[in-house]
Every structure is written in structure tokens, then in C-alpha cells.
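Notes to accompany the following structure.
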Amino acid sequence: MTAIFVSVVGVLGTVMGAALTAFIAARTERRRERSQDRVQLNDLRVEHQRWRRERRQAAYLSFLEGLGNADRDNQAFFRELRAGHAPVPLDETRIAAIRLKFKDAESAGLVVVLEGPEAVAEAAHNLVDQLSSLVQDVREYAEAIAADSHPNGGDNVHEAGMRFVAERKAFLGLARDALDEVTKHILILPETQLRDWAS
């Protein structure tokens, strides 16, 4: 009888030991899997934030390049008009080329509006409005010179140009802040902290 009792206790001990070992192994495996999931989620989050920053940066850069192209041609046209002394016929081809570059910049601005954030989108819209005003003022100056109506010396163009420069500076500051903000959201956790989460 004692032998049977010892055998039963031995079997129960073995079964309970095996069950306890299996339970501990399963628990350890779940912790390891959760830790791996956190690492993968963190990696995915970091990659997404990097992707988001790169897209915004490309959109902002394309927009600024488009604005710069239109503004340079517009400024060159204005300087040529101011350097001339006699009435010059209106150069519709040149005005159309500047307008086309402005439209390209405006299209690039729409991408900025889509990429955001809201403050940068609003600044891009304001910048497009200022460039539009500047292009229109140069056109009116050219029309006045062509009609020999003695324009105001380009004061309107100068004022519009200064507003454009101020808006561009504001846009650059907001865009830089937005790109830095995306970088701040990238959270790279040290391995020890990830292990602590698994507990």
C-alpha cells in the first residue's frame, strides 16, 4: 500500500512539475512575444515617422523651388522694365511664362496643403497669395510702361516684394518646426526599457 501511495505521489509530483514547467515556459514565451511585438511596433512607428518627415520635406522643398523659379523670373522682368528708359511694348510671352511658373508653384503648394500640418498649409496659402499679388503688380507696372503712363516707380512692386519675403520667412520657420516636430515623435526605446515592458 505504501508503495502504491509513494508511486501515486511520485506520478502526481511529476505531472505537477511538468505542468508547472509548461506554465512557466508558456508565460515566458508570451512575455518574449509581447516584447518582440513592442520592438516591432516601435520600429514601425519610427519608420512611419521618418517616411512622413521625408514626404513633408520633399513637398516643402518642391514648393519653395517652384516659388523661387517664379519669383526670380518675375524679379528679372521687373529689373529690365525699370532699366529701360523708353516705352516698351508689353511682352505677353514673358508674362505668360512667369504666370506658368507661378501656376507650377501653386500646384506644389497644394501638395504642401495635403501634407500639412495646418499652420504650414495656411502659411503656404498666404505665400501663394503674396506671390500672386507680386506677379500682378509687375504685370500692371509693365502695362503702365507700355502705355507710357509713368508708373509710380515700382513702389507697389517693392511693397508686394517685401510682403512676399516676410511670408516666405514665416513659411520657412513653420516648415522647419513641423519637420522638427515629426522628429520629436520618433521614439527609439533602449533595449533595456523594452525588456522591462515585457515583465
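The values are calculated or read from the model by the stated rules, or taken from the named source; none is laboratory data. Keep in mind that what you see is a predicted model, and the values were worked out from it rather than measured. All Cβ positions, glycine included, derive from the backbone under ideal geometry; neighbour counts span all protein chains shown.
If only residues of region 104-163 that are hydroxyl-bearing (Ser, Thr, Tyr) and farther than 16 Å from residue 70 by Cα are counted, the one that is modelled with the highest pLDDT is 141. Hey, can you tell me all the residues within region 48-63 that are without any contact (Cβ under 8 Å) to a residue 40 or more places away in the chain and either of a type in the set (Phe, Trp, Tyr) or surrounded by 15 or more Cβ atoms within 10 Å (Cβ to Cβ) (or both)? Across region 48-63, the qualifying residue is only 51.
Of all the criteria given as (1) outside any helix (DSSP H, G or I); (2) crowded, with 17+ Cβ neighbours inside 10 Å, the one not satisfied by residue 87 is (2). Restricting attention to region 37-59, does a residue exist that is among the acidic types (Asp, Glu) and at pLDDT below 85? Yes, region 37-59 contains at least one residue that is among the acidic types (Asp, Glu) and at pLDDT below 85.
Considering region 90-103, the residues that are in contact (Cβ under 8 Å) with a residue 12 or more places away in the chain and not hydrophobic (A, V, I, L, M, F, W, C) include one that is surrounded by the fewest Cβ atoms within 10 Å (Cβ to Cβ), namely 91.
Residue 194 passes every criterion in (1) in contact with a Lys or Arg (Cβ under 7 Å, 6 or more places away or on another chain); (2) of a type in the set (A, V, I, L, M); (3) surrounded by fewer than 17 Cβ atoms within 10 Å (Cβ to Cβ); (4) modelled with pLDDT of 85 or more apart from (4).
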